[in-house]
1. Looking at the stretch 561-609, which of the residues that are small (Gly, Ala, Ser) and either farther than 30 Å from residue 366 by Cα or modelled with pLDDT of 95 or more (or both) is farthest from the chain's Cα centre (by Cα)?
2. From 482, 516, grab the single residue that is assigned to a loop (DSSP other than H, G, I, E, B) and either closer than 30 Å to residue 468 by Cα or open to solvent by less than 10 Å² (accessible area, probe 1.4 Å) (or both).
3. Go through the stretch 113-123 and count every residue that is in contact with a strand residue (DSSP E or B) (Cβ under 8 Å, 6 or more places away or on another chain) and either open to solvent by 30 Å² or more (accessible area, probe 1.4 Å) or in a loop (DSSP other than H, G, I, E, B) (or both).
4. Here are the criteria: (1) more than 30 Å from residue 275 (Cβ to Cβ); (2) touching a residue at least 12 places away in the same chain (Cβ under 8 Å); (3) touching an Asp or Glu at 6+ places or on another chain (Cβ under 9 Å). Tell me which single one residue 504 does not satisfy.
5. Every residue in the stretch 89-112 that is in a loop (DSSP other than H, G, I, E, B) and not charged (D, E, K, R), please.
6. Would you mention how many residues in the stretch 423-473 are basic (Lys, Arg) and within 25 Å of residue 531 (Cβ to Cβ)?
7. Does the stretch 521-575 hold any residues that are of a type in the set (Asp, Glu) and under 19 Å from residue 458 (Cα atoms), and which are they?
8. With a cut-off of at least 2 residues that are within 16 Å of residue 357 (Cα to Cα) and in contact (Cβ under 8 Å) with a residue 60 or more places away in the chain, name the helices (runs of 4 or more DSSP H) lying wholly within the stretch 138-236.
Amino acid sequence: TRYHISSSNIDQDSDLTKRTVLFIVQNLYFKMKVQLIALASLGYANAANLARVKEDFAGATGEKKYFYHTNTPKKFAVDNGWKTGTFKLGSREFRDTWGYAYPDDNLPLNHKGYKEDVMRLCGEDLKNGANNERTFTIPMHKYDKYGTANYYKSTHDFSEWNGVDLIPESKDYYEKGSPYVRGGLNFTAHTDIMGDEEITMQRCKVPRDDGKPGGWVVDRIGPFYATGGYDWWQIGWSNLGDFESILKDHPEGFDVDIKAMMPVAQDGRRLGHPPIHIHHIHAVPRMGVRPRNRIRNLCMHTQIIGATITEKNCYNSSLVMEQHGDYQCNVEDDGIECLTTTENRRLREGLDIEGELNDVRPAGSEVIKFYYQAGFRWSPIQPEVRAVSQTTVMAPANMNRTDQLSRTVTYATPTNDEHMLWYTGRAWADGELFRNKLHGHNMVLESSEFFLGTPKDVGLDQPQMWPKKAYVPLKSKELGFAGNDEFREWLFGNLEEAQKKFDRNCVKREDPSDEACGRPRPRLVCAALYDSEYFIWDGEEYPFDRRPKTWCEPWTFREGDAFTVTGFSRHLTTANKPDLPGFIPDFIPGHITWHMWWYHDTWIHSYFNRIVCSQTGIFYDSHRYVGFAQLFGTIAIAGITQGLPRRSYTVYIYGYSIIGVLFSIAITAFYKIYKVASSRYAALKKD
């Protein structure tokens, strides 16, 4: 993925030397301490953690082009005496708990269920395009007017909205004025890709055959014909899994305890990464087919006069279920089987689904025919099983309405050196951590750390630690560090000092007036390390995202508890994508996103929201409504800075200023109307 921004977006303080002299002297102890430690290197050099396939896939044809044999394990982890491993961040070693707070209760995961249930029950019907009492196969435009399948030849074309609509029958159901219809999409070229075929929607619904109430439902969309080049396949449809019909019979809600969401071949065999990268798949509240919504990064849920008039048809970004390209595991950890998960979601509303997929092979590769499939097992509410909630915790991002890539809420991550970006927020509810999963576009990610505590607890309150713009990463060396290892060790050292101070003042009560005594003891809750698997094209190795190695420990949080997240990125020295051999982009769109699974205190159903944070706190929460001030302020900030502000109150300054101007204009207009009307009335009265 390529992303280019002007140098003005990454400008540094010209007076950097003055700002950092005190900082360097103050932290010399940490520099000396780290230099005495033989730190384990990260990223590409950490070969022990990176699996390698020796086969060269240049010109792969037939079965090999689907990579079936590289992504599927011969044995499941639950069958082969599997144990969790460890990983290092600098000199510190962590157990890889897969992000589970209680790993011994949850690992190893049993990923069985796809072949054993989904394909056993529905595989033949879907493969053969059946229409019977349990399965239908119909053109997508007859199933759903919002059904979407768009093709973009390259990332550049995707950014420019320059694609081909594969369901032109539904062209009238985009928002009026949308970039998709303002000359962006071609509505006549679909036959060049599909021939006489149509994009179809398939759905198989069967009861459970284990004697328990509920059932299985599998949705499938396609076919798609890909030839590589990191193309983009944009998809979406309404009423995922026909959940709305389930809710008619179970209005109190229902449980989904198995989900299997991934690209597949016609016969149902799953396609891993490579060849297909899951950029993102989001199951969200309706209306959620994003290309059919208003073009806005974040739906603000603006309400006018209470709930009298509510903004409609904007994308609710609360992720109920999701899938991303760095969720596949290395083969020894179950490989592609990791895309089948078994946590319990308790739903009480229908869902839509949307996302994008990429064929990562070099352009001109042999054609792959594939589909996207989403399967679920559901049951009536099981009150004895706790419902898992999900909050998507995100970093500040670029916002550019003219660039479709901006809708993915990313920031431009430099590749020319080691960098770090951070953000902070406060817990939005009372709950208990179940699992924390990092999503970070591993092509450039190195690590991320999730701290319980304020920025001050880890030293990030210092002026030089504030980025010039909320979404512009800090360069480690320009802050006086030798690199990310030393920077990270400095953070941990500050945390240890904050813990000692807390113990003195708040536990031993030497100074109970310390503000820290009113909140939990600061600590590291989670840490994650980049991981990948290498594949060869034309003799060159390329890394492909795999599940980040992740450690978490138990965390019971209360609304208002502060957290701080750091994300370190690597210096790329080799090309990272086989479609662009020898090329290293200046920037890669990145996330530091923690998909936090948790138990909500006192709630029966699952709770879903997405929060976007800055250096002062939560800027946006998809679960909360906002007023005109924040709406206007956000639009103004996005237009001026092309991203989120460092300080949240900036939005309100802009917002209320705009409201004040509009109010003044309205008063002036009404006064002029009044003067004209009075003058005419006086003239009429005189006559």
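The values are calculated or read from the model by the stated rules, or taken from the named source; none is laboratory data. Computed from a prediction, not measured in an experiment: that's the story for all the values here. In this analysis, Cβ positions are derived from the backbone assuming ideal geometry, glycine residues included, and neighbour counts consider all displayed protein chains. The area values use the complete protein model at the heavy-atom level, side chains included, leaving out ligands, DNA and RNA. Shrake-Rupley method; radii C 1.70, N 1.55, O 1.52, S 1.80 Å.
1. Let us first name the residues in the stretch 561-609 that are small (Gly, Ala, Ser), namely 562, 567, 569, 575, 582, 590, 606.
Still in the running and either farther than 30 Å from residue 366 by Cα or modelled with pLDDT of 95 or more (or both): 562, 567, 569, 606.
Details: 562: 22, 567: 14, 569: 17, 606: 19 Å.
Step by step, filter the stretch 561-609, then rank; the result is 562.
2. One residue alone meets the criteria, 482.
3. Of the stretch 113-123, the ones in contact with a strand residue (DSSP E or B) (Cβ under 8 Å, 6 or more places away or on another chain) are 113-114, 117-118, 121-122.
So of that shortlist, the ones also either open to solvent by 30 Å² or more (accessible area, probe 1.4 Å) or in a loop (DSSP other than H, G, I, E, B) (or both) come out as 113, 117.
Selection size over the stretch 113-123: 2.
4. Condition (2) is where residue 504 drops out.
5. So the first thing to find is which residues in the stretch 89-112 are in a loop (DSSP other than H, G, I, E, B), and the list is 90-91, 96-99, 101-102, 107-112.
Across the stretch 89-112, the qualifying residues are 90, 91, 97, 98, 99, 101, 102, 107, 108, 109, 110, 111.
6. Here is the first cut: in the stretch 423-473, the residues basic (Lys, Arg) are 426, 435, 437, 456, 468-469.
Adding the requirement that they be within 25 Å of residue 531 (Cβ to Cβ) leaves 435, 437.
Final tally of qualifying residues: 2.
7. Quick first cut of the stretch 521-575, residues of a type in the set (Asp, Glu) only: 531, 533, 538, 540-541, 545, 553, 559, 561.
Residues satisfying the conditions are 553, 561.
8. On the way: elements: 140-143, 155-159, 190-194.
In the stretch 138-236, 155-159 are the helices (runs of 4 or more DSSP H) which contain 2 or more residues that are within 16 Å of residue 357 (Cα to Cα) and in contact (Cβ under 8 Å) with a residue 60 or more places away in the chain.
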